[in-house]
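The values are calculated or read from the model by the stated rules, or taken from the named source; none is laboratory data. None of the values given here were measured: they were computed from a predicted structure. Using ideal geometry, Cβ is built from the backbone for each residue, glycine included, and neighbour counts are taken over all protein chains shown. Calculation scope for accessible area: heavy atoms of the full protein, side chains included, ligands and nucleic acids excluded. Shrake-Rupley method; radii C 1.70, N 1.55, O 1.52, S 1.80 Å.
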Amino acid sequence: MEIVVDAGDTTRTYEVVASRAGRRVETAVRRGVVEVSEVTRSGTVVRTARFMANRVLALVEQPVPREDGSDKEG
């Protein structure tokens, strides 16, 4: 997941990835704060990145690459 944030005169891009097999990235918006967390299979939060919601320009979810190496459709 890429997070694009307004940093005044420029933008900054942060990346949160599921670093191990079986983990996932979850996003939540609460009280003006965007939280992006890496979560284990059991639901335990490993790490969290927090951003002010009014500064977040985009949340970009990247597709997971296939393990067999084929990028063809069909």
Mind listing just one residue for me: the one in the stretch 19-51 that is open to solvent by 100 Å² or more (accessible area, probe 1.4 Å) and not in a loop (DSSP other than H, G, I, E, B) and, of those, farthest from G8 (Cα to Cα)? R47
Flagged in the stretch 1-17 as in a strand (DSSP E or B) and either within 11 Å of R55 (Cβ to Cβ) or not polar (S, T, N, Q) (or both), in numbering order, are E2, I3, V4, V5, D6, T11, R12, Y14, E15
Which residue pairs have Cβ atoms closer than 8 Å, lie 6 or more positions apart in sequence or on different chains, and pair a first residue in the stretch 29-42 that is farther than 22 Å from S19 by Cα with a second residue that is in a strand (DSSP E or B) and not charged (D, E, K, R)? G32/M52; V33/F51; V33/M52
Restricting attention to the stretch 52-62, does a residue exist that is at pLDDT below 90 and open to solvent by 80 Å² or more (accessible area, probe 1.4 Å)? yes
